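See structure below.
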Amino acid sequence: MQKNAPYNRTLVNKAVATGLIDTHQAQLPPLPGGVVRDSVRAVDPLEQTVHLRSGARLDYDALIVATGSAPRPLPSGIASPATLDSGQMTHLHSLDDALRMRAALAVTTSPRGLIYGAGMIGAETSGILRDAGCRVTLAAEAPVPGVTAFGAPVAERLARAHRRAVTTRFGHTLTHLDLEKNEVRAEFSDGHVATVDLVITALGTIAVSPSPWNGPITVDHRLRSRTHDHIYAAGGVAAHESDGPTWRIDHWSDAEAQGVHAARSLLASTGLAGSPGVYRPRALYSAQIHQHLYLAAGHTGHSENVRTISTVPLVPTHERAGQLIGVSGLDAGAAVMNHLPRLHTSLASMPRAESTPSTDTP
């Protein structure tokens, strides 16, 4: 069920925003079977019905919720009403966001862009905009941004790469945005002021779902809802309650893998297929960040320990409860791929950390 035609969201910042491709080129092939062009207002788990915005109602025997996420907004009051209405402030989450960014950049030669947030989207977009001829300022509240997204070893290496490639404002909070003529005036907690043509906020995502959840849906290790029978959740909306603290993964390849696993779990519950077992993240995902290719697999944000097993190339492993749950690397494709068969196995078979000295100077 969908309101708009489906599209590849990984192309929003990589290609659509800078005009490399048009929106129709980002669209996915039509889905097989019937597709209802509507959106969901509410789900009634007791009656097992889905209520649509149009007023229609659909009955279900089993339901998979894959409504994804929305950008985490700036705290209320930072952006003035004039800034919000100007078209010069955007997220980079949807095709509409990409078109908004493209229009703002087209207004002036060598536009100035401020990106607030240096996780996966912010980090990658900073290099994309710089390569497109923009004067980029990458800002983040943390002195070393992206630790949650990448782990400390990769975040520290990327912070140095950012400083070489763009203007950085790390360790300072964005406190106010206001529109002055056709420019956005950005103020920071240390008193610094930056005047830019476009502001992109990249502060992560929040889960989106209809009533009765209106937020993340907690699931077990088979992606079944913890609170409602016959309901499954997958992708950015799913909050996993297994193996310790609750966790979410919100990227394209893992959302696809979760959707497949949820469908197989559903079929198993009806006796139409065998059980797919426990869901363990294994999907690969990547980002081109300045001169570095970041490649990761599994779960890199849910670890008790991040251990660097190689410094040249940089390869951290992400570990929890005595198991390897994720691996990542910078310019280390072969090493990351070699670790894929070891994901979710005991650390006893892992090699010791290498002592190769780093040649990446601060």
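No lab work stands behind these numbers, since they all come straight from the coordinates. Here the structure is a predicted model, which means the values were calculated and not measured. FYI the Cβ positions are ideal-geometry reconstructions off the backbone, even for glycines, and counts take in every protein chain you see.
In table form, for the structure just shown:
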quantity	calculated
For the range 115-201, share of DSSP beta bridges that run antiparallel, in % to the nearest 5	55 percent
Tensor-based shape of the chain (alpha-carbon gyration tensor, a/c under 1.5 rounded, otherwise prolate or oblate)	oblate
Cα pair distances of the range 196-335 binned at 5 Å [whole percent]	2, 9, 16, 19, 18, 14, 11, 7, 4, 1, 0, 0
Dipole moment magnitude, nearest 20 debye, the range 145-263 about Cα centre, only Lys, Arg, Asp, Glu C-beta charged	300 debye
The chain - charge dipole about Cα centre, Lys and Arg +1 at Cβ, Asp and Glu -1, debye rounded to 20	440 debye
Segments 326-333, 204-211 sorted - mean Cβ within 10 Å per residue, highest first	326-333, 204-211
Per-peptide average of other Cβ atoms within 10 Å, ordering 230-237, 273-280, 189-196, 61-68 highest first	230-237, 61-68, 273-280, 189-196
Rounded to 5, the percent of DSSP beta bridges in the chain classed as antiparallel	65 percent
Net charge contributed by nearby residues that have their C-beta within less than 12 Å of S275 (K/R +1, D/E -1)	+3
Structure-based [θ]222 nm, the chain - -39500 (n - 2.57) summed over DSSP H runs of at least 4, per residue, nearest 500	-6000 deg cm²/dmol
Positive dipole terminus of the chain, leading residue within P281, H251, L20 (C-beta point charges)	L20
Cα centre as origin, Lys/Arg/Asp/Glu Cβ charges: the range 253-323 dipole, Debye	120 debye
By average C-beta atoms within 10 angstrom, highest first, the peptides 94-101, 281-288, 115-122, 340-347	115-122, 94-101, 281-288, 340-347
Helical segments meeting 18 Å axial Cα length and Kyte-Doolittle -0.5 threshold in the chain (DSSP H)	252-269
